[in-house]
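The values are calculated or read from the model by the stated rules, or taken from the named source; none is laboratory data. As the structure is a computational prediction, the values presented were derived from the model and not from experiment. So basically every Cβ, Gly included, is an ideal-geometry build from the backbone, and we count neighbours across all protein chains shown. When the accessible area is computed, the model is the full protein with side chains, heavy atoms only, and any ligands, DNA or RNA have been set aside. Shrake-Rupley method; radii C 1.70, N 1.55, O 1.52, S 1.80 Å.
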Amino acid sequence: MDQNHEHALTQIRKSVEKLGCSAQKYEDPTLMRFLIARSMDAEKAAKMFVQWIKWRASFVPLNYIPDSEVQDELNARKAYLQGLSKNGCPLLIIKGNKHFPSKDQLQFKKYVIHLLDKTIASSFKGSETGNEKLIGILDLQQISYKNVDARGLITGFQFLQAYYPERLAKCYLLNMPRFFVSIWRFISRFLEKATFEKIVIVTNEEERREFIRNVGEEVLPEEYGGQAKLIALQDFVITSLDD
């Protein structure tokens, strides 16, 4: 680690204390994610970090969202957790044609937390490092207007940006129908530049081959050009950190 990073880490810890919190139990890789998200500005990063601490305490008091609190969303079997990509990132797949806008926005928000937390936890090798990233696939195959949920997508990306900074490695959009282009253009207005640059819309065969190479055939399900079977989020078993 260079001296600039060491100085920034020292400064963010001091700034967090000035804001009435403590970063003592968090390792440098966690704090570095917040610094990167705020262009290495220690004060802005500290403010973001403290907001995250308070949000977790109020919204996720158990530090996880149990299946029982998001059962309606899980029953749709629209999210799949596939294991680690060739670069060691957990692969999360969302099938858009199995999603319908939720009537219970609180449960939907908890579901977003549930799937992001579980996806990230699936990459821990013994214990959390703090800088683990995920790869997301949003499959828009066979979606219709009744599946469109701009509000839900905006919520998901805003949660990633505000509370999971630098957790997204790549997000691939597959099989985007023509009618969704204008909807995606609207959603994109709510994305920070760093998030937008991590999103890849796969539109042709060359881009599909590149997508398969980057993710890895072993983890990709067969329908996406890989060798794996789809594993529903709730069926994916995470090995205990104590194992």
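Odds and ends about this structure:
- Any chance GLU166 is among the acidic types (Asp, Glu), open to solvent by less than 60 Å² (accessible area, probe 1.4 Å) and closer than 24 Å to ARG33 by Cα: yes
- Number of positions in region 182-207 that are more than 19 Å from PHE34 (Cα to Cα), among the basic types (Lys, Arg) and either in contact (Cβ under 8 Å) with a residue 12 or more places away in the chain or part of a loop (DSSP other than H, G, I, E, B) (or both): 1
- Residues that are open to solvent by less than 30 Å² (accessible area, probe 1.4 Å) and without any contact (Cβ under 8 Å) to a residue 60 or more places away in the chain, drawn from region 213-241: GLY226
- Within region 98-144, the set of residues being β-branched (Val, Ile, Thr) and either under 19 Å from ASP28 (Cα atoms) or open to solvent by 30 Å² or more (accessible area, probe 1.4 Å) (or both) comprises ILE120, THR129.
- Candidate set from region 120-138 (those that are in contact with a helix residue (DSSP H, G or I) (Cβ under 7 Å, 6 or more places away or on another chain) and not in a loop (DSSP other than H, G, I, E, B)); member that is nearest to LYS170 (Cα to Cα): ILE135
- Identity of the residue in region 115-134, among the basic types (Lys, Arg) and touching a residue at least 40 places away in the same chain (Cβ under 8 Å), that ends up nearest to LYS198 (Cα to Cα): LYS133
- Among the residues of this structure, LYS170 does not count as one that is more than 10 Å from the chain's Cα centre (by Cα) and under 30 Å from VAL50 (Cβ atoms).
- Scanning region 4-41 for residues being of a type in the set (Gly, Ala, Ser), part of a loop (DSSP other than H, G, I, E, B) and more than 22 Å from LYS193 (Cα to Cα) gives a total of 3.
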